[in-house]
Each structure stands twice: as C-alpha cells, then as structure tokens.
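Here is the structure we will look at.
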Amino acid sequence: MKRALLLFALVIGGCGREPKTAAADSAGARLEAAAETAGIVPDLNAPLQGSWARDTDRVCVVGTEKTARIGVSVDYGEDQACAASGTVERSGEALKLAFGTCKFDARFDGDRIVFPAEVPEACESLCTGRTSLAALAVDRMSESRSEAATLRSTKGKLLCDN
C-alpha cells in the first residue's frame, strides 16, 4: 500500500502545471488539485513568510514573496550553535540566501526549506563548535509574520528584525 501511494505521489509530482484555460477543468487538473489538497503534492505557490522548524533548528522569514529577511538558529547546546540573519530571494522553488559573505542557494517545496549538503566556507563564521548550516531542513510551523519576527539567537538577538 505504501509503495502504491509513493508511486502515485511520484507520478502526480512529475506532472507539469497547466495554464489556467478550459483545460484547467480537465480530469488531470482536478486530480492534481485533489492531490494538492490532500497534501500529496506540495503547493509551490505557498507563501514563504513564517516560522519554520525541525528539532532545535529554526528559521524565520519576514517580508514580500520576492525578497525577505531570513534568520536561522541552530542550537545543539554547549557552544554548539549557529545564528544568522540575512536576505532571501525567491524564484519558484529556488531560494537565494545571503548572510553577509555567506551566500548559497536552498530549495523550497511549499512545505519545507532545505539547505544544500555543502555550504561555502564563509558560512563557518556563523557557527560555533562543530555545527553547520549544511543540510538544514525545516518544516512550516506558521505563516504568521508576527510569530516569525520573534525568533531569537541563543544570545537573544532577534534574527528577522527589519
């Protein structure tokens, strides 16, 4: 059953989006809309702004859909942490992140933000101990701007302030 559901999700996920025309009411368009509603296919038009988290990793995004403030907090305790504030530019699934000289591309699928497995050496200065921003993956917690704006680093600094 799980394999069939996974196969269905992959098949549906591989389908392109049709332009809004008479074909938008086709059987395929209705099936894709139902898959999005059921959460099988992520909504790539979902807003980026909000609070994101997984375990002790936190991300905040505040601003417009094209360019916004982004903050990241990774806290593993005992001087094992990262804190970064910067900007993010969105272009579909691609996110261009800039934390000063630490710049890299991440992925956004509507439900999740995923950082690359390797980040530039310039990003090391944002972390202490053996922590890294590499491969950080967070899930949406809230779309609230006010909630996202409250994310703080382990030292108490607001990470998504304007």
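Taking the protein heavy atoms of the range 116-155 in the context of the full set of protein chains, the accessible area attributed to carbon and sulfur is 47 percent at 1.4 Å.
Per atom type, the range 40-115 shows carbon and sulfur on 47% of its accessible surface, probed at 1.4 Å. Farthest toward the positive end of the dipole of the range 26-162, out of THR150, VAL59, ALA83, is the Cα of THR150, where the dipole comes from beta carbon charges about the Cα centre. Only aspartates and glutamates eight or more places from LYS66 in sequence, or on another chain, were considered; those with a Cα closer than 14 Å are GLU89, GLU93.
To the nearest 20 debye, what is the magnitude of the charge dipole of the range 27-141 about its Cα centre, counting +1 on the Cβ of each Lys and Arg and -1 on the Cβ of each Asp and Glu? Mind showing how you got there, number by number?
On the way: 12 positive and 18 negative charges, 65 e Å.
That gives a dipole near 320 debye.
For ARG112, what is the net charge nearby, where nearby means another residue's Cβ is under 11 Å from its Cβ and Lys, Arg count +1, Asp, Glu -1? Numbers along the way, then the final one.
Numbers: positive: ARG54, ARG107, ARG140; negative: GLU93, ASP109, ASP111, ASP139.
Taking every Cβ under 11 Å from that of ARG112, the sum is -1.
Please identify which residues in the range 69-87 have an amide N closer than 16 Å to a label point set 7 Å out from the Cα of ALA53, following the Cα→Cβ vector. Correct set: 71-77. Descending by average beta-carbon neighbour count within 10 Å, the peptides 71-84, 99-112 line up as 71-84, 99-112, the highest first. Residues of the range 102-142 with an amide N closer than 18 Å to a point placed 7 Å from the Cα of THR87 along the Cα-to-Cβ direction: 102-106.
At 0.36 nm per residue, and after removing the present C-alpha to C-alpha distance, how many nm does the segment from ASP139 to ASP25 gain when stretched out fully? Before the final figure, lay out the partial values.
On the way: separation 114, 0.36 × 114 = 41.04 nm, distance 3.11 nm.
Extending this stretch completely gives an extra 37.9 nm.
Solvent-accessible area per residue in the range 24-162 equals 54 Å², computed with a 1.4 angstrom probe and all protein chains kept.
The values are calculated or read from the model by the stated rules, or taken from the named source; none is laboratory data. Keep in mind that this is a model prediction, so the values were computed, not measured. For neighbour counting, all protein chains shown are included, and Cβ atoms are generated from backbone atoms with ideal geometry for every residue, glycine included. In case anyone asks, the SASA skips ligands and DNA or RNA and just uses the protein heavy atoms, side chains included. Shrake-Rupley method; radii C 1.70, N 1.55, O 1.52, S 1.80 Å.
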